[in-house]
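Enquirer: Before we start, here is the structure in question, set down as C-alpha cells.
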Amino acid sequence: MIKKLKWITQQVIAGANVATILMMLLIGFSGYLNPVKFPVLSSLGLLFPFFLFINLLFLVFWLVFVPRKAYIPILGFILAFSPIRKFIPLNVPREAPADAIKVMSYNVYLFAGWATPKGEVNDILQYIYDQNADIVCLQESATHEVGQKMVDSVINARYEYRDTVRRRKKSCDVLSVYSHFPIIGHERIPIESASNIVAAFHLKINDDTVTVINAHLESVGLSMEDKSEFKDLVKGNLKADSAETTSKKLIDKIGERSAIRAPQARAVAQYISEHPGRSFIVCGDFNDGPLSYTHRIVSKGLTDCFVATGNGMGISYHNNAFFVRIDNIMCSKDWVPYNCHIDSKIGASDHYPIICWLKKRPNPLKN
C-alpha cells in the first residue's frame, strides 16, 4: 500500500513538473505569437523566470529523492534553451579592443529634474558626462524640469555633435543623440502612436556612414495606480479575489499596448530590411521584454549585444516591481559587440542605462 502511494505521489509530482515545463515553453516562445491576434498570450514573458525557478526546484527535488527522475526538468531546460539564453544569457567577458567605440542608450525620464537641488548639476547629466561614450542615445530627453541651459552647459562641453527629434512641440517624448562622430542627418521612422517616436540618425564614423536608430516604442500604458497595484500583487499584499481582478486588468492593459507595439516593431524592421548592406546600431527603450514579439521582430538580422556578451537578467527598468530588461543595444553583423551591461549604479531615472563597446569587422573588399 505504501509503495503504491509512493508511486502515485511520484506520478503526480512528475505531472506537475511536465505542466510547469509546458508553461515555461509556452511563455518562452510567446514572442512568436502576434499580439494583435493574441494580446494576452503574447504578453506573458514577465512570468518566464517564475516557471524557470519552479522547474529548478523540481530538479532539486528529484536529485534529492528520486535521482532517476531528474531527466524531466533537465529535458525542460534543454527544450527551453533558446528563451533561457535570451532571458538570462551567460557569457565569458572579453576585454574590448582599444579601437572599439562605446555606445550608451538611456531613458532619462526627463532627466528626473524634479530631484535636482537648485544650483547643483543634475545627476543624470553628470553621469553622461563622466561616461564619455562615443555615441549616446537618449529617450524621454525633454528638458522641462532641468532646463535646456543646464543640459547644454554639461553636454556641450563633452560632445561636439548632437541632434534631437521631437514628436511635436513641447512633447515629453524627445529623442536625442550625442556623438563624437559627425551627425550628417536624421529621418523619422513613421509609427502609429499617440506619444512615442522612432528616428534614424546618420553618423560618419571614419570612412563609413552608420545609421543609429533611436527607438522609444509604445509605453506599457499603466497608470500610477496600476503600477502600485502590481507592486502589491507581487508582494502578496492583495486578497485572493482582489489579486485575480487586478491580474486580469493588468494583463488586459499590457496586452492592448503589446498589440499597438507590434506594428511599430515591424516598421523598424522594415526600415532596416529596406536598406540592405547598411551599417546599423539600434538603441532604445522597447517597452517589451527579451522574449517578446517586439524584440524578436526588431532583432531579425541583428545581434542583440546583451544576449551576445552580457550576463544575467540585465534588469533595466526598476520601478514598481517591474524588473525586466526592456532597453536594448543591437547591431548589424559588421560589428562585434563587447561587454554589454546594464549600469545599476545610477538610479535617478526609472531606467538604468545600457552600455556596450562595438568594433567594426574588417571589410574584406578593402583588403
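Enquirer: For Y129, Y32, write out the residues from largest to smallest accessible area, computed with a 1.4 angstrom probe and no ligands counted.
Expert: Y32, Y129
Enquirer: Further question on the same structure: So if the hydrodynamic radius of the stretch 112-200 is defined as the Kirkwood radius over C-alpha pairs, what does Stokes-Einstein give as its diffusion coefficient at 20 °C and 1.002 mPa s, in µm² per second?
Expert: 154 µm²/s
Enquirer: Still on this structure, please answer the following. Label points 7 Å out from Cα along the Cβ direction at K37 and A98: separation in nm?
Expert: It is 5.4 nm.
Enquirer: For the chain, give the magnitude of the charge dipole about the Cα centre (Cβ charges: +1 Lys/Arg, -1 Asp/Glu; no others), in debye to the nearest 20.
Expert: So the dipole magnitude of the chain works out to roughly 1240 debye.
Enquirer: What value, in deg cm²/dmol to 500, does the helix sum -39500 (n - 2.57) over DSSP H runs of n ≥ 4 give at 222 nm once divided by the residues of the chain?
Expert: Estimated from H runs of four or more residues: -12000 deg cm²/dmol.
Enquirer: Would you please give the FRET efficiency between T9 and E225, computed as 1/(1 + (r/R0)^6) with r the Cβ-Cβ distance and R0 = 51 Å, to the nearest 0.05?
Expert: The calculated FRET efficiency here is 0.70.
Enquirer: Still on this structure, please answer the following. Please compute, for the alpha-carbon atoms of the chain, the extent along each of the three principal axes and give them in descending order in Å.
Expert: 81, 55, 38
Enquirer: When ligands, DNA and RNA are left out and all protein chains stay put, how many square angstrom of accessible area per residue does the stretch 47-137 have with a 1.4 Å probe?
Expert: For the stretch 47-137, the solvent-accessible area averages 54 Å² per residue.
Enquirer: On to the next question. Using 0.36 nm per residue of separation minus the Cα-Cα distance, give me the extension gain between S242 and A115 in nm, one decimal.
Expert: Extra length available between S242 and A115 comes to 42.3 nm.
Enquirer: Only sites in a loop by DSSP and with at most 12 other Cβ atoms within 10 Å count here; which trypsin sites (Lys or Arg not before Pro) in the stretch 116-165 make the cut?
Expert: K118
Enquirer: I need the trypsin sites (Lys or Arg not before Pro) found in the stretch 6-107, filtered to DSSP loop residues with at most 11 other beta carbons within 10 Å of theirs.
Expert: K37
Enquirer: Estimate the FRET efficiency between T209 and Q131 by the formula 1/(1 + (r/R0)^6), using the beta-carbon distance for r and 22 Å for R0, to the nearest 0.05.
Expert: For T209 and Q131, the calculated efficiency is 0.35.
Enquirer: Which Cys residues of the chain have no other Cys Cβ less than 4.7 Å away and so no disulfide-compatible partner by this rule?
Expert: C172, C331
Enquirer: Pairs of alpha-carbon atoms within less than 8 angstrom and 6+ residues apart define the contacts here; what relative contact order does the chain have, in percent?
Expert: Relative contact order comes out at 21 percent.
Enquirer: Using the charge dipole of the chain (Lys, Arg: +1 at Cβ; Asp, Glu: -1 at Cβ; taken about the Cα centre), state which of P73, I8, H202 has its Cα farthest towards the positive end.
Expert: I8
Enquirer: Is any helix in the chain, taking whole DSSP H runs, at least 24 angstrom long along its axis by alpha carbon and on average at least 0.5 on the Kyte-Doolittle scale, and which ones?
Expert: Once both thresholds are applied, what remains is 2-28, 48-65.
Enquirer: Please report, as a whole percent, how much of the solvent-accessible surface of the chain comes from carbon and sulfur atoms (probe radius 1.4 Å).
Expert: In the chain, the share of accessible area belonging to carbon and sulfur is 59 percent.
Enquirer: For N156 and L56, calculate 0.36 nm times their separation in residues minus their Cα-Cα distance, and state this gained length in nm to one decimal.
Expert: Extra length available between N156 and L56 comes to 31.0 nm.
Enquirer: From the cross-link list K86/K249; K169/K249; K102/K345; K204/K300; K37/K300; K6/K239, which pairs have alpha carbons spaced over 26 Å apart?
Expert: Listed pairs above 26 Å: K86/K249; K169/K249; K6/K239.
Enquirer: Shifting gears a bit: Taking the full set of protein chains and a 1.4 angstrom probe, give the accessible area of E244 in square angstrom, rounded to the nearest 10.
Expert: 140 Å²
Enquirer: Once a ≥ b ≥ c are taken as the square roots of the eigenvalues of the Cα gyration tensor of the stretch 156-207, is the result rounded (a/c under 1.5), prolate (a/b larger than b/c) or oblate (a/b not larger than b/c)?
Expert: In terms of gyration-tensor shape, oblate.
Enquirer: Report relative contact order for the stretch 1-72 in percent, whole number only (criteria: Cα-Cα under 8 Å, sequence separation at least 6).
Expert: Here the relative contact order equals 28 percent.
Enquirer: If you take the square roots of the eigenvalues of the alpha-carbon gyration tensor of the stretch 246-367 and sort them as a ≥ b ≥ c, do you get rounded (a/c under 1.5), prolate (a/b over b/c) or oblate?
Expert: Oblate.
Enquirer: Something else about it: With the dipole of the stretch 72-158 worked out from charges on the C-beta (+1 for Lys and Arg, -1 for Asp and Glu) around the Cα centre, which of Y127, P117, M104 lies farthest toward the positive end?
Expert: Sorting the options by dipole projection puts first M104.
Enquirer: Please name which of L217, V177, S292 has its Cα lying farthest along the dipole of the chain towards the positive end, using unit charges on Cβ (Lys, Arg +1; Asp, Glu -1) and the Cα centre as origin.
Expert: Of L217, V177, S292, it is S292.
Enquirer: Ok, one more. Restricting things to Cα coordinates, could you compute the convex hull volume per residue of the stretch 1-86 in Å³?
Expert: Cα convex hull per residue, to the nearest whole number: 88 Å³.
Enquirer: At R0 = 30 Å, how high is the FRET efficiency between E274 and I78 if r is their beta carbon distance? Nearest 0.05 is fine.
Expert: Step by step, r from the Cβ atoms, then E = 0.20.
Enquirer: Enter the accessible area of S279 (Å², nearest 10), with the probe set to 1.4 Å and all protein chains included.
Expert: Accessible area, nearest 10 Å²: 10 Å².
Enquirer: Could you list, bin by bin from short to long, the percent of Cα-Cα pairs of the stretch 8-144 in 5 Å steps?
Expert: 2, 8, 12, 11, 10, 10, 11, 11, 9, 7, 5, 3, 1, 0, 0
Enquirer: Size of the dipole of the stretch 93-190 about the Cα centre, Lys and Arg at +1 and Asp and Glu at -1 on the beta carbon, nothing else charged, in debye to 20?
Expert: 480 debye
The values are calculated or read from the model by the stated rules, or taken from the named source; none is laboratory data. Predicted model, so just to flag it, every value in this text is computed and none were measured. Here the Cβ is made from the backbone with ideal geometry for all residues, glycine too, and neighbour counts use every protein chain on show. Each accessible area value is taken on the protein alone, full model and side chains, heavy atoms only, with ligands, DNA and RNA left out. Shrake-Rupley method; radii C 1.70, N 1.55, O 1.52, S 1.80 Å.
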